[in-house]
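Here is the structure we will look at.
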Amino acid sequence: MFETINKAFLVGVGLAATAGEKVEELAKELAEKGKLSEAEARKLADNMMAKSAKARKDLKAQVEKWLEQSLHKMHLPTKDDINSLKTRIAKLEKAGKKK
């Protein structure tokens, strides 16, 4: 399950990277054809890249939230749960050695 989620996420990242390259190409092409000035093309590309970055960030947050909820439903311990237990065990071992 984790591998499937990871692959899906990586596909999304790959698509976003490809889209970024296409945005740059489109802006350059529009500037070359005289449909946009270089400054306008750069502004368009920057705007689209910023929106793409925000969409990736939002998607990542949503996937992380979904994954956390799924793990919670499966009653799997989190890293914090495990670290808490390790700390408790260490304290109990230390207390047991004092007796």
Could you tell me which residue of segment 44-99 is surrounded by the most Cβ atoms within 10 Å (Cβ to Cβ), considering only residues that are among the aliphatic types (A, V, I, L, M) and within 30 Å of L30 (Cα to Cα)?
A45
Looking only at segment 47-99, which residues are under 16 Å from the mean Cα position of the chain (by Cα) and acidic (D, E)?
D58, E64, E68
Meets criteria (among the β-branched types (V, I, T) and either at pLDDT 80 or above or outside any helix (DSSP H, G or I) (or both)) for V23:
no
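The values are calculated or read from the model by the stated rules, or taken from the named source; none is laboratory data. Everything numeric in this text was worked out from a predicted model, so none of it was measured. Methodologically, a virtual Cβ is constructed for each residue, glycine included, from the backbone with ideal geometry; neighbour enumeration extends over all protein chains shown.
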